[in-house]
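The block underneath contains the structure these notes are about, expressed in structure tokens.
The values are calculated or read from the model by the stated rules, or taken from the named source; none is laboratory data. In this text, all values refer to a predicted model and were calculated from it rather than measured experimentally. Reconstructed Cβ throughout: ideal geometry from the backbone, glycine too, with neighbour counts over all protein chains shown.
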């Protein structure tokens, strides 16, 4: 995905790639050798041609770096080395070098032709062979028999496998921050984690997912994802959200931020329902995730009178509401206490990355 941005007179291009296709080709096997070793009592020569080496394989290995599939936009073709040909005196050719491709954790690998899911890389250092090298051909020493002591026969090496693959990246995280543009997701992300997202007073500040690690007490590996803003019609491609809705599928818990200081937010309940409709339209399973609502920017005096009413309305819906100020930190500890509790429960049930 390529996004052109223009903010405060600065124009640039930000590229975030979370889906691409690549072609992989394993190495061909080397040729078998036809050779005859001549000696004092072997006037016609003895067959001593060696076998060809096996072609190299293509392997995918998951790694925390890189964090996007951008590099595959520049290099789509990946090929392993061919096996060496066999030699005299029964010398076998060397195996071709393997082609090792490192993909981010969270990558789904599918066969491009059948769309069959081959592998879901959920943790680091997982390995997957996606193309097998061809066998090396046999040399003429392999074909010696009682009726044929000097065969002139050897085999060609087998061709290595080749295929097109579709790579799709879904960030694995414990918590995902969602909401309309400019509600304070990046500010909250900066307060609760080690990440340093871009923060500014205009919509769509976040144009690529940001990951951070929150550290609260002994809970030191709480991975938080700040996802680009959702707006009405996001599931159809409006705004930036459609490209990143897939990453919410990897979160165990969702924090839904609402900013009642915005003039457009006359009804926070409707904003809440509108964003959830976008999640449901993209994938109904997203509504099965635990969801907390954070009412942001309560440090502003003109919103104080609405907090109690909104807590009662959300309570009637059975949805926990946490009034916070991401800027000052007010109420954030209470929110994160509940987040940690729910994430721990989810991890016990194995929900992260589901």
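The condition of being in contact (Cβ under 8 Å) with a residue 40 or more places away in the chain, in contact with a helix residue (DSSP H, G or I) (Cβ under 9 Å, 6 or more places away or on another chain) and under 13 Å from residue 136 (Cα atoms) holds for only one of 28, 51, that being 51. Filtering 263, 320 for residues that are farther than 22 Å from residue 223 by Cβ and at pLDDT below 85 leaves a single hit, 263. Looking only at residues in segment 1-34 that are modelled with pLDDT under 95 and surrounded by 15 or more Cβ atoms within 10 Å (Cβ to Cβ), which one is farthest from residue 71 (Cα to Cα)? Among those residues, the one meeting the criterion is 3. Residues of segment 297-312 that are in a helix (DSSP H, G or I), touching a residue at least 12 places away in the same chain (Cβ under 8 Å) and surrounded by 11 or more Cβ atoms within 10 Å (Cβ to Cβ): 303, 306, 307, 310, 311.
Just one of the listed residues (354, 294, 315) is in a loop (DSSP other than H, G, I, E, B) and either modelled with pLDDT of 90 or more or closer than 22 Å to residue 275 by Cα (or both), namely 354.
The condition (being closer than 30 Å to residue 335 by Cα and outside the structural domain of residue 276 (by TED's automatic domain parsing)) is satisfied by just one residue among 114, 107, 122, 187: 122.
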